[in-house]
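What follows is one structure encoded as structure tokens, with my remarks underneath.
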Amino acid sequence: MHKAETPGGEQENEGNGVDHVFLDLERELAVFYRRARGIAADMARQVGPGLEPGAYAMLAQLEGGGRRATELACYFNIGKATVSRQLHTLEELGLVDREPDPADGRAALVRLTEEGRRRVLKVREARHAEYVHRLAEWDRGEVAELARLLGRFNELNAGGRVR
């Protein structure tokens, strides 16, 4: 037996230096990450053939309004060169455009075009239907708790450094 449980159901270190709670977390996050990359790639393909997996997430982030490229790099904790390359592709497809930043005319805000907004909405509606179907057996409170915990986990890396 590798796992010892405390009365509260939490696993504890059995003196062998392995904290099985965090080992289980690492394992589940690895599976989640691998599957999420596949989903992201599928969603990006639905928006436009040949788009990188992160393109859909970038488009979805722009749905809330214009953002600077450096803000996107920081938000996703990816390099400026990666953001620049992805934005260039999205611009070529007519999904985003740039406008002067009213707060600083030297900078530009990237925003969704109407076509970009239409495609994001179409993919989001399909993904939403898939989540509703897959989680039909879950209580709405469980879905809300999962979303809350994932949001809390994602906040750990919010505001990462620009590379």
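The values are calculated or read from the model by the stated rules, or taken from the named source; none is laboratory data. The structure displayed is predicted, hence computed values, not measured ones. Because the Cβ atoms are built from the backbone with ideal geometry, glycine has one as well, and the counts that use them run over all protein chains shown. Just the protein is used for accessible areas: all its heavy atoms, side chains included, with ligands, DNA and RNA removed. Shrake-Rupley method; radii C 1.70, N 1.55, O 1.52, S 1.80 Å.
At a glance:
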read-out	value
Tally, over the stretch 125-141, of residues that are farther than 25 Å from Asn77 by Cα, among the charged types (D, E, K, R) and open to solvent by less than 100 Å² (accessible area, probe 1.4 Å)	2
Considering residues of the stretch 19-63 that are touching a residue at least 12 places away in the same chain (Cβ under 8 Å) and among the acidic types (Asp, Glu) only, the residue farthest from Ala126 (Cα to Cα)	Asp24
Hits in the stretch 49-89 (condition: in contact with a Lys or Arg (Cβ under 8 Å, 6 or more places away or on another chain), assigned to a loop (DSSP other than H, G, I, E, B) and of a type outside the set (Asp, Glu))	Leu51, Pro53, Gly65, Gly66, Asn77, Ile78, Gly79
